[in-house]
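None of the figures in this text is laboratory data; all of them are computed from the coordinates on show. Keep in mind it's a predicted model, so treat the numbers as computed, not measured. Every residue, glycine among them, receives a Cβ derived from its backbone with ideal geometry; neighbour counts consider all protein chains shown.
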Amino acid sequence: MKKYIVLFIVIISPIFVVAQNFSNSEKALISGKIDTLLQKYMQKSALSEMPGLKKRNEKMFKEYKGLFSNDARIFDDMNANFDQQAAKDYQAGKTKEIPYKLETKSRIDYFDGLVDEFELGFVINNKKINISYNNFEEGIVKVALERQIEGTSYKGYKLMNNDTLLLSIIVSKDKSVKINKVEAIGSHIKVLNDDDFDGVINEKDDCPKEFGKVALAGCPDKDDDGIADKSDACPDLAGPSSNDGCPGSTFSYRFVFSGSAGYQLNKNKITMSTNPDDLGYNQINKFKSSLGEIINPKYQPGFALNANIAYYIGKNRQSRNKGISVGVSVINYKAGYDLKGADYYFKSSVSDNYYTRRVKVESLSENLSFTILDIPVLFKYKGRFGKAWAWELSAGASYLSIRTKSTYNYTIDYEGVFFNKTTNPLAVSNEWYSLSQIEDLNLLDEVVNANGKLFGSNLKDINDLLNSKGYDFEYQKSLSGSNIAKARTGLAFNAGADLFYHVTAKIALKLGFAYMVAPSLKNKSSDYKMVNSTKDDYQSFYDSKAKSTFNSYGANLGIIIGI
């Protein structure tokens with residue numbers, strides 16, 4: 001410390017010669033007091049005999065405090081305050097100033113701050129001092145002091161400042177001297193243990209290399225939801241801690257269950273085969289027979305129940321927007337069909353006597369009740385908007401099984417070929433293949449005259465006679481009943497769009513739209529016969545090899561639950 005005293009004397013002595021109108025004795029007195037004041041200031045400002053190692057010396061503290069006038073304004077070059085907004089500006093590159101701010105304080109606030117924060121005092125290296133008596137006649141002496149000061153605050157900040165202070169010393173009438181003002185000419189505060197300048201010392205910073213928030217132990221929080229990014233499952237989206245920092249959304253879950261009920265419009269277009277060989281009749285006549293045309297209904301309403309479970313992929317919750325689901329849907333609806341123009345000619349026999357038999361559909365209506373089982377595997381992609389709303393698109397293939405119950409009403413002619421010979425007017429031709437001959441006539445339908453008689457014979461008598469021989473003919477037989485058709489199966493394409501509203505983090509309500517098409521549903525039946533004899537049970541044309549194309553679209557309401 002003596003070298004600073006010598007330097008002080010060397011520098012100020014020439015200036016003192018040109019000082020104000022003080023007597024030499026007064027000058028010497030004031031000079032000595034200022035010298036003593038500055039020596040004490042440089043010594044006592046350390047606040048401890050062994051700064052950084054021993055606690056603050058209360059005697060030194062009081063002596064240091066006594067160097068200042070009661071109304072002094074003091075630049076506090078160590079007790080830095082962390083400024084959160086300045087920290088954000090520094091991090092954003094808007095300023096080069098670190099976010100630790102120093103203030104000029106009153107004497108009371110300055111020393112209260114020293115008491116509160118710096119229990120171990122300061123390590124001080126006073127480097128250079130200069131003094132000015134330009135305002136001496138006004139009772140003010142200016143002293144510039146360049147120094148390096150280090151200390152550790154109660155909060156744990158290891159602070160260092162290379163600064164130049166300007167001290168204003170006032171000379172009272174009684175020739176006493178006090179420091180009345182301390183200003184900063186230059187100040188370069190550093191926090192040695194806060195590498196990321198976020199206000200949290202490295203020793204307590206859970207993210208020492210990342211700028212973060214004081215309240216979060218120095219870790220960043222990009223979405224400002226109060227949860228550190230490292231613990232936030234959705235660091236870019238604000239959400240409550242109860243949902244791991246994610247918004248109220250089923251995005252938080254890898255597994256999601258959904259169930260819904262919907263209103264569907266359904267259409268199963270059935271087209272009869274044009275190949276007679278697709279029927280099970282014995283050696284059907286391809287030239288004479290007609291397989292008929294099915295009159296299809298328009299879209300019919302029905303109801304659907306849907307359930308699926310989805311698995312979403314993604315490293316964290318906010319990126320879990322792609323997934324795959326497996327589900328099941330059950331659809332029920334009814335539709336009415338008509339068959340027109342069906343007329344079958346085929347080989348038949350009675351007691352080894354072969355003949356051509358004819359089954360002609362006069363009218364046929366079927367009401368089919370469909371129960372459809374759909375097992376889809378869907379790929380899903382979802383997004384969100386707002387705090388509680390989200391959307392999802394899905395598409396994929398499914399296994400489809402359609403079971404039907406048929407309620408029918410029909411009128412059918414059961415006929416045979418009549419060989420027109422006057423000697424035997426009731427003989428049935430045993431030439432079942434000779435339909436191209438003019439004399440071959442079809443019994444009942446085409447050979448009955450206006451009076452209902454054939455060659456003088458009553459129609460009923462003809463029927464009775466032929467049936468007594470086992471031919472099983474009947475004109476316009478009407479019947480109604482029901483049966484269960486065989487299931488049709490195939491692959492379908494499914495697409496959907498859903499809109500969710502999250503009522504909690506785990507539960508959402510949804511409005512969905514769905515479309516499905518199955519372009520080819522096949523029946524494996526190879527022996528289909530609508531009817532053969534008058535005693536046969538009717539088989540639905542849905543059991544034939546008729547082509548079936550199913551499609552539906554509709555809306556549904558449901559619930560989504562994160563698992």
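Model label points for LEU393 and VAL517, set 7 angstrom from Cα along the Cα-to-Cβ axis, are 1.7 nm apart. Considering only TYR414, ILE227, GLY554, and ranking their Cα positions along the charge dipole of the chain that arises from unit charges at the beta-carbon of Lys, Arg, Asp and Glu, the one farthest toward the positive end is ILE227. Can you give me the orientation-averaged projected area of the convex hull built on the Cα atoms of the chain, in nm²? Directional mean of the projected Cα hull area for the chain stands at 41.2 nm².
Treat the count of other C-beta atoms within 10 Å as a stand-in for reagent exposure and order ARG384, ARG357 from fewest to most.
Working: ARG384 19, ARG357 26.
The most exposed by this proxy come first: ARG384, ARG357.
Cβ-to-Cβ counts within 10 Å put ILE375, ILE169 in ascending order as ILE375, ILE169, the fewest first. Of interest is the spacing of the C-alpha centroids, which for the range 33-102 and the range 217-291 amounts to 66 Å.
Within the chain, antiparallel bridges make up roughly 100 percent of the DSSP beta bridges whose residues both belong there. Compared with the alpha-carbon gap, the fully stretched path from ASP83 to LYS155 is longer by 24.4 nm at 0.36 nm per residue. Simple rule: put +1 on each Lys or Arg Cβ and -1 on each Asp or Glu Cβ in the chain, find the dipole, and look at ILE375, PHE255, TYR110; the Cα lying farthest toward the positive end is TYR110. With the convex hull of its Cα atoms as the shape, the range 2-191 has an orientation-averaged projected area of 11.6 nm².
Show that you can apply the helix-only estimate: for the chain, add -39,500 (n - 2.57) for every DSSP H stretch of four or more residues, divide by all residues, and state [θ] at 222 nm to the nearest 500. It lands at -4000 deg cm²/dmol.
Each residue, ASN135 and ASP109, gets one label point 7 Å from its Cα in the Cβ direction; the gap between the two is 2.1 nm.
Mean 1/r over all different Cα pairs, inverted: what Kirkwood radius does the range 297-411 give, in Å? After inverting the mean inverse Cα-Cα distance, the result is 19.0 Å.
Could you give the length gained by full extension between LYS288 and LEU491, i.e. 0.36 nm per residue of separation minus their alpha carbon distance, to one decimal place? If you can, show how the numbers build up before the last one.
Working: separation 203, 0.36 × 203 = 73.08 nm, distance 3.60 nm.
Extra length available between LYS288 and LEU491 comes to 69.5 nm.
For the range 2-191, the dipole from Cβ point charges (+1 on Lys and Arg, -1 on Asp and Glu) about the Cα centre works out to 420 debye, to the nearest 20. Centre-to-centre separation between the Cα atoms of the range 300-340 and those of the range 473-503: 17 Å. With the highest mean first, a sort of the peptides 61-73, 328-340 on other beta-carbon atoms found within 10 angstrom per residue produces 328-340, 61-73. Charge dipole of the chain (Cα centre as origin; +1 on each Lys and Arg Cβ, -1 on each Asp and Glu Cβ, all else neutral): 1140 debye, rounded to the nearest 20.
Taking 18 Å as the straight-line reach from the Cα of LYS486, the aspartates and glutamates in range (excluding those fewer than 8 positions away in the same chain) are ASP278, GLU366, ASP374, ASP527, ASP536, ASP537, ASP543. Spin-label model, PHE303/ASP277: points 7 Å from Cα along the beta carbon direction are separated by 4.7 nm.
Along the axis of the charge dipole computed for the range 263-375 (Cβ charges of +1 for Lys and Arg, -1 for Asp and Glu, origin at the Cα centre), the listed residues LEU364, SER351, ALA335 are led at the positive end by ALA335. Note on ASP236 and ASP206: with the Förster distance fixed at 25 Å, the Cβ-Cβ geometry gives a FRET efficiency of about 0.80.
If the label point is 7 Å along Cα→Cβ of GLU26, which residues in the range 131-153 have backbone nitrogen under 13 Å from it? Counting only backbone N, you get 136-140. Output needed: percent of Cα pairs per 5 Å distance bin for the range 459-563, bins running from 0 to the one holding the longest distance. Histogramming the range 459-563 at 5 Å steps yields 2, 9, 12, 10, 10, 10, 9, 8, 7, 6, 5, 4, 3, 2, 2, 1, 0 percent.
Cross-link pairs exceeding 25 Å in C-alpha to C-alpha distance, out of LYS33/LYS54; LYS127/LYS181; LYS44/LYS105; LYS298/LYS477; LYS27/LYS105; LYS54/LYS101, comprise LYS33/LYS54; LYS298/LYS477; LYS27/LYS105; LYS54/LYS101.
Normalized C-alpha radius of gyration of the range 233-319, against 2.2 N^0.38 Å?
On the way: Rg = 27.0 Å, N = 87, 2.2 N^0.38 = 12.0 Å.
Dividing the Cα radius of gyration by 2.2 N^0.38 Å gives 2.25.
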